[in-house]
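To start, the structure itself, in structure tokens.
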Amino acid sequence: MRVTIECYGASSRWCGADEVPLDLESGQTANDALDLLAKRFPEFAVRRDNIAIAIGNAITSPTTAIEDGDRIALIPPVSAG
Amino acid sequence: MPTDLPRLRDGALNLADWLTELQPADCGGLAVFAGTVRNEHEGRAVTGMRYHAHRALAEARLREIEAEAANRFKVVVDVAHAVGELGIGETSVVVIVRGGHRGECFAACRWTIDTIKQAVPIWKEEHYVDGEARFLDGVAIKSIAES
């Protein structure tokens with residue numbers, strides 16, 4: 001299945017794009033997607049522990065099972081104000 | 001301001017837009033906080049700021065913060081945050097609190113801006129006079145209940 005990682009804030013710099021498509025096996029979780037992303041982008045890998053993820057408009061657990069076509073947003077540390 | 005307007009706005013905010021109406025009759029207090037773009041950060045001269053957001057989540061969180069502040073402090077709260085390019089001195093965020101007395105107004109205003117800074121997926125990209133730009137370090141996003 002194919003999912004899309006949406007890279008918000010500084011994560012777009014770490015991954016070199018605003019969006020990254022990833023191919024995963026059926027039944028894998030958001031955490032598996034982040035593992036794959038970390039292998040491809042070392043700058044993301046070193047910051048991964050501080051990053052939340054969102055699917056739709058809700059923060060989601062990394063253990064959430066993902067489905068074909070999902071869009072997973074990377075939410076790095078925020079700096080509103 | 002009408003409550004059906006988005007809380008996330010493109011471009012700088014105009015604080016006066018939130019202050020045009022008479023206070024509700026049962027409100028004796030009005031507390032206002034506005035965040036603006038500063039011309040210096042950690043010794044570097046700043047030329048402007050670009051605000052990035054996860055729009056759907058940020059809009060939802062701003063509305064949840066308004067509701068939670070109203071519930072906690074028994075006041076009326078309006079918030080808005082800018083996205084996009086802002087210049088020095090322009091307004092990026094407003095918090096307007098109307099309530100019976102100053103105590104709950106000040107407390108709600110402080111809680112609301114502190115929570116916005118910790119719980120809303122918005123990112124500042126600062127631009128400097130030498131042409132460089134960088135995203136500011138932030139804090140790991142929290143839930144509103146954690147704030």
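Only the coordinates and a few stated rules stand behind these numbers; no lab work does. All values reported here derive from a predicted model rather than from experimental measurement. Reconstructed Cβ throughout: ideal geometry from the backbone, glycine too, with neighbour counts over all protein chains shown.
Odds and ends about this structure:
- The long axis of helix B:55-73 is offset from the longest Cα principal axis of chain B by roughly 40 degrees.
- Spacing of the modelled spin labels on B:F106 and A:A45, each 7 Å from Cα toward Cβ, amounts to 5.2 nm.
- Over chain A, relative contact order from alpha-carbon pairs under 8 Å, at least 6 apart, %: 41 percent
- Dividing the helix sum by the residues of chain B, where each DSSP H run of 4 or more adds -39500 (n - 2.57), gives a mean residue ellipticity at 222 nm of -8500 deg cm²/dmol.
- The stretch between B:N14 and B:N71 holds 17.9 nm of extra length on full extension. This uses 0.36 nm per residue minus the Cα-Cα distance.
- Beta bridges assigned by DSSP with both partners in the protein assembly as shown are antiparallel in approximately 85 percent of cases.
- Aspartates and glutamates with Cα under 12 Å of B:K142, excluding same-chain neighbours fewer than 8 positions away: B:D114
- Mean separation of Cα pairs under 8 Å and 6 or more residues apart, divided by the residue count, gives chain B a relative contact order of 32 percent.
- Sparsely packed loop sites in segment A:1-73 (the GluC sites (Glu not before Pro) outside DSSP H, G, I, E and B with at most 13 other Cβ atoms within 10 Å) comprise A:E25, A:E67.
- Estimated at 0.36 nm per residue, the fully extended path between B:D26 and B:E85 surpasses their Cα-Cα distance by 17.4 nm.
- Degrees, to the nearest 10: B:102-119 long Cα axis against longest axis of chain B: 40 degrees
- For chain B, built as a Gaussian network whose Cα springs stay under 10 Å, the top-fluctuating residue of B:V83, B:V129, B:V75: B:V129
- From the alpha carbon centroid of segment A:24-45 to that of segment B:1-56 is 37 Å.
- Where GluC sites (Glu not before Pro) fall in DSSP loop in segment B:88-134, at most 15 other Cβ within 10 Å: B:E132
- 222 nm mean residue ellipticity, helices alone, for chain A (DSSP H n ≥ 4; -39,500 (n - 2.57); rounded to 500): -5500 deg cm²/dmol
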